[in-house]
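J.: Before I ask anything, let me first share the structure, which is written out below as structure tokens.
The values are calculated or read from the model by the stated rules, or taken from the named source; none is laboratory data. Every value quoted in this text rests on a predicted model; they were computed, and no experiment measured them. Note that each Cβ is placed from the backbone with ideal geometry, even for glycine, and that neighbours are counted across all protein chains shown. Ligands, DNA and RNA are stripped out before the accessible areas are found, and what is left, the full protein with its side chains, is counted by its heavy atoms. Shrake-Rupley method; radii C 1.70, N 1.55, O 1.52, S 1.80 Å.
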Amino acid sequence: MLLCTTLNCNTLEMDTSFTLSNSPSPVKKSGNSQRAFELAGELYSLVQQWFLLITTGRNIINNILQLKTKLWENPGNAADLSELQFQCDQLGSAVSELEVLPKLMEKIQDQYKALEKLGELHKKIGSNITSDFTPLMFLTWPNSKFVLVVTAIKDAFNEELQLKKCIAENVAHCQQKQMLDLHKIAWVHQVYVTSATKLQLESLLVETGQR
């Protein structure tokens, strides 16, 4: 059974686990800045949930690998067959939980878009100067950059979700240990959620004063 994306086996052997530094620190803001701050924290929390589920899925795939190995040696063992079905169902549940996260990220993206439009509206209403300058919510980013960065992060996780769904669908049908090993590595390896994605999230946290 083939994965539904082209993967380089040598690349897959690399451990590219996504880790972040300490949780965002509580910093009081006001108005649009406070909401942008809160949204960044919510996005961070969703990313943490994603990687907890990836770890859960990895452990489940390990269990499936062990059970399939036993069944290849002793076909027809009813207890092992029942447990294998349970583990496959558990992997499906993990994927279902993963599916929710990019949708929640999209809602955060929409709220940043609303903040951008609100900032533009405030500029028009309160503009008694002939400058094109728009006040910044934080340090250096214009409001539009928040939208661009969050969109890029959401898109990366959505692409990764499609791969994880494909892997989960194929795992139960693997008939060779080598293919199961490949699927396990592909599950852990983040093809679309890269170091650039981490940098984007960290930059968002720095800009909003949470780093």
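J.: How much solvent-accessible surface does Thr56 expose, in Å² to the nearest 10, with a 1.4 Å probe and all protein chains in place?
T.: 60
J.: I want to verify the translational diffusion coefficient of segment 150-210 in µm²/s; compute it with Stokes-Einstein, Rh as the Kirkwood radius over Cα pairs, at 20 °C and 1.002 mPa s.
T.: Details: Rh = 13.1 Å.
After rounding, the answer is 164 µm²/s.
J.: Of the cross-linked pairs Lys103/Lys145; Lys113/Lys154; Lys124/Lys198; Lys70/Lys184; Lys107/Lys145, which ones have a Cα-Cα span greater than 24 Å in the structure shown?
T.: The pairs that break the limit, which is 24 Å between Cα atoms, are Lys124/Lys198.
J.: Once the dipole of segment 60-189 is set up with Lys and Arg at +1 and Asp and Glu at -1 on Cβ about the Cα centre, which of Gln66, Leu81, Gly119 lies farthest towards its positive end?
T.: So the residue we want is Gly119.
J.: Here is a further query. Please identify every one of the trypsin sites (Lys or Arg not before Pro) in segment 28-129 that sits in a loop by DSSP and has no more than 13 other beta carbons within 10 Å of its own beta carbon.
T.: Numbers: sites: Lys28, Lys29, Arg35, Arg58, Lys68, Lys70, Lys103, Lys107, Lys113, Lys117, Lys123, Lys124; in loops: Lys28, Lys29.
In loop regions of segment 28-129 (DSSP not H, G, I, E or B), the sparsely surrounded trypsin sites (Lys or Arg not before Pro) are Lys28.
J.: Any idea of Lys177's accessible area? Nearest 10 Å², probe 1.4 Å.
T.: It works out to around 100 Å².
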